[in-house]
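> I am attaching a structure below and will ask some questions about it afterwards.
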Amino acid sequence: MGNNNWIAKVKKNVYAFTKDYFFLKISLSILYFCFKSKYMSIEVRVLSKSYGAQKALNQVSFTIQKGEIVGFLGPNGAGKSTLMKILTTYLSADEGQAFVNGYDVKTQPLLVQQSIGYLPEHNPLYLDLYVREYLEFNANVYGVSKNRIEEVILLTGLMSERHKKIGQLSKGYRQRVGLANALLHNPDVLILDEPTTGLDPNQLVEIRNVIRNVGKDKTVFLSTHIMQEVEAICDRVIIIDGGKIVTDKKIDTIQSKGEEQIIEVEFDKTIDTEIIAAIPNLISSNNSNGNIWELTFISDQDMRPVVFDFAQEHGLKTLQLNLRNKNLESLFREVTKKL
């Protein structure tokens with residue numbers, strides 16, 4: 001009888017433990033989902049995609065927090081558009097996972113689509129429709145009110161053009177229409193693929209201001225080839241090359257700080273790397289093209305006179321000698337350089 005009571009107590013304790021563990025596991029899962037939804041707008045985990053033998057994406061991973069404006073850079077064919085198409089559910093990845101607002105792009109595509117506003121590289125517009133007519137058509141698709149149409153027209157600076165046909169608009173205003181359409185359903189995340197392609201300098205400034213304005217309360221993930229655009233409007237840059245992330249940095253950490261300086265020098269003839277390495281305060285050197293060298297120093301003094309004196313001591317003529325600040329362009333060249 002005593003043994004039966006003992007066995008009953010053990011069973012009861014095991015049951016209670018199992019139940020508590022089950023509820024704890026569920027609670028932790030809910031908390032984790034809420035954390036992701038609150039703080040992470042985009043999460044990419046070891047994502048891979050191939051087209052036949054070509055590896056477009058190779059185990060790509062990163063996260064983007066709510067409210068960030070992130071620039072996505074890379075050479076042609078690096079995998080930018082492929083990744084954006086996966087995030088917008090147009091393509092499926094071969095391996096890995098991607099989440100937008102906590103929703104899985106593979107298993108919850110409709111919820112992802114409701115969470116994003118997408119402006120593709122080639123902006124698809126009905127040129128025979130008037131601006132307002134086009135937005136009203138899409139508003140009916142999204143099921144949003146006419147008040148929202150007025151809001152996005154005002155937000156994207158289309159008030160003066162709203163009664164024109166889209167085919168009559170300049171490229172800059174057509175991009176605004178595409179952006180207004182992407183904003184109609186008030187998405188939490190904007191994904192913009194080459195939003196300033198083909199714009200003149202004035203249009204570039206206008207569209208940058210629009211993106212910066214709408215990015216105040218949304219997460220923006222944009223791809224571009226224009227470095228100055230990323231430096232002007234983004235908080236952070238991710239660079240992809242050959243399907244792999246090669247850099248992920250805050251913009252304010254890229255600029256030259258303190259004593260670091262980059263000098264570009266061209267000599268009249270070839271010189272060995274071992275000899276270049278003897279220049280004082282040199283931390284790296286790159287023979288970028290022929291007799292042109294990119295030299296990086298740590299020093300609180302201008303190192304150009306030192307490089308000039310070095311050239312004279314070794315019987316070299318200096319054909320050009322330039323001091324360049326480290327910026328996004330120099331970083332891009334450095335991390336996407338083909339060996």
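The values are calculated or read from the model by the stated rules, or taken from the named source; none is laboratory data. Just so you know, these numbers come straight off a predicted model, no measurement behind them. In this analysis, Cβ positions are derived from the backbone assuming ideal geometry, glycine residues included, and neighbour counts consider all displayed protein chains. To get the accessible areas, we keep the full protein, side chains included, count just its heavy atoms, and leave off ligands, DNA and RNA. Shrake-Rupley method; radii C 1.70, N 1.55, O 1.52, S 1.80 Å.
> Quick one: count up the residues across region 148-170 that are surrounded by 15 or more Cβ atoms within 10 Å (Cβ to Cβ), part of a helix (DSSP H, G or I) and in contact (Cβ under 8 Å) with a residue 12 or more places away in the chain.
Counting residues in region 148-170 that are surrounded by 15 or more Cβ atoms within 10 Å (Cβ to Cβ), part of a helix (DSSP H, G or I) and in contact (Cβ under 8 Å) with a residue 12 or more places away in the chain gives 7.
> Same structure again: Of the residues 186, 123, 181, only one is part of a loop (DSSP other than H, G, I, E, B), closer than 18 Å to residue 221 by Cα and at pLDDT 90 or above; which? First the steps, then the outcome.
Values: 123 fails: at pLDDT 90 or above; 181 fails: part of a loop (DSSP other than H, G, I, E, B).
Among 186, 123, 181, only 186 is part of a loop (DSSP other than H, G, I, E, B), closer than 18 Å to residue 221 by Cα and at pLDDT 90 or above.
> Which ones in region 85-123 are without any contact (Cβ under 8 Å) to a residue 12 or more places away in the chain and not polar (S, T, N, Q)? Spell out how you get there, then give the answer.
Restricting attention to region 85-123, the residues satisfying the condition of being without any contact (Cβ under 8 Å) to a residue 12 or more places away in the chain are 85, 90, 104, 107-108, 110-111, 122.
The answer is 85, 90, 104, 110, 111, 122.
> Identify all residues within region 126-147 that are open to solvent by 20 Å² or more (accessible area, probe 1.4 Å), assigned to a helix (DSSP H, G or I) and not hydrophobic (A, V, I, L, M, F, W, C); write none if there are none. Spell out how you get there, then give the answer.
If we filter region 126-147 for residues that are open to solvent by 20 Å² or more (accessible area, probe 1.4 Å), which is where we start, we get 126-130, 132-133, 136-138, 140-147.
From what is left, the residues that are assigned to a helix (DSSP H, G or I) are 132-133, 136-138, 140-142, 146-147.
Matches in region 126-147: 132, 133, 136, 138, 140, 142, 146, 147.
> Sticking with this one: Residues that are open to solvent by less than 20 Å² (accessible area, probe 1.4 Å) and either in contact with a helix residue (DSSP H, G or I) (Cβ under 8 Å, 6 or more places away or on another chain) or at pLDDT 90 or above (or both): find the helices (runs of 4 or more DSSP H) completely inside region 228-339 holding 3 or more of those. Talk me through it step by step, then tell me what you get.
Working: elements: 273-276, 304-313, 328-335.
Because the criterion is at least 3 residues that are open to solvent by less than 20 Å² (accessible area, probe 1.4 Å) and either in contact with a helix residue (DSSP H, G or I) (Cβ under 8 Å, 6 or more places away or on another chain) or at pLDDT 90 or above (or both), the helices (runs of 4 or more DSSP H) in region 228-339 that meet it are 304-313.
> I would also like to ask the following. With the requirement that a residue be surrounded by fewer than 19 Cβ atoms within 10 Å (Cβ to Cβ) and either assigned to a helix (DSSP H, G or I) or in contact with a helix residue (DSSP H, G or I) (Cβ under 6 Å, 6 or more places away or on another chain) (or both), what does region 207-224 give you?
Hits for region 207-224 are 208, 209, 212, 213.
> Can we say residue 77 is on the phi > 0 side of the Ramachandran plot, open to solvent by 30 Å² or more (accessible area, probe 1.4 Å) and either in a helix (DSSP H, G or I) or at pLDDT 95 or above (or both)?
Numbers: on the phi > 0 side of the Ramachandran plot: yes; open to solvent by 30 Å² or more (accessible area, probe 1.4 Å): yes; either in a helix (DSSP H, G or I) or at pLDDT 95 or above (or both): no.
So residue 77 fails the test.
> When residues of region 189-206 are filtered for being in a loop (DSSP other than H, G, I, E, B), open to solvent by less than 60 Å² (accessible area, probe 1.4 Å) and free of Cβ contacts under 8 Å to residues at least 60 places away in the same chain, how many remain?
2
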